[in-house]
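Every number here is computed from the coordinates shown, using simple stated rules; none is lab data. Note that the structure is predicted; figures quoted are calculated from it, not measured. Here the Cβ is made from the backbone with ideal geometry for all residues, glycine too, and neighbour counts use every protein chain on show.
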Amino acid sequence: MSSEQHQIKRKKKVPAKEVDDSNDETLKDESKIETRVEISDQAESESESKTDTSEEDIEQQLLKAQATIKDYWDQIMRLKAEIENNIKRSSRDIENAHKFALRNFAESLLPILDSMEMGQQAAESDKASLSSIAEGTQLTMSMFVQALEKHGLKQIDPVGESFDPDQHQAISIVEDENAESNTVISVMQKGFSLNDRLVRPAMVVVAK
């Protein structure tokens, strides 16, 4: 046997079935790879879609937050302006109150001044009499007391009352059989209170 024949015998033929199986496995592997690539592409596409949606949501939330902040800022500025206007108005009212606090009191004194002028003219008249002057003076005094009481200023005239050291000032203590002890028997100078607050104590004489 020649060497060439010997080599031919050593070569083995591959069965056709095994070739077909090998090809099938190769096709299956390629199909798996393609499937994996498609899945990867799909996942990447979904991820990009989610990313785009997430960015849109964030942008919308940001715009909404900015609008809310602007609304709050406008409210704060309006409130600030209102507070400033109230402060200015209050300051103006207080200033006017200080300037014109005595206006009503001054108006109530004007009739008294008119009465005093009329009394003076009557006293200078040739027809004036002591009784008419006294009557005019009493009328003017009554008007003055009424004007004071109208504005909360009241007289303290405690004749016959018990001595009150919070409202009376004793200038003398005398014995008086007709009066009870510690009783005011005469008033030397009337006192005054303004809205129940003492302005001037009454100067009185007290029974011993």
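The H on the amide N of residue 198, modeled in the peptide plane, is under 5 Å from the matching H of no residue at least 5 residues off or on a different chain. Of the trypsin sites (Lys or Arg not before Pro) found in the range 65-141, the ones in coil according to DSSP and having at most 16 other Cβ atoms within 10 Å of their Cβ are 127.
Can you classify the range 102-151 as rounded, prolate or oblate using the Cα gyration tensor, where a ≥ b ≥ c are the square roots of its eigenvalues, rounded means a/c under 1.5, and otherwise it's prolate if a/b beats b/c and oblate if not? Cα axes put the range 102-151 in the oblate bin. Among the chymotrypsin sites (Phe, Trp or Tyr not before Pro) in the range 61-131, those placed in a DSSP loop whose Cβ has at most 13 other Cβ atoms within 10 Å are 100.
Taking label positions 7 Å along the Cα-Cβ direction at both residue 175 and residue 58, the computed distance is 10.8 nm, reported to one decimal.
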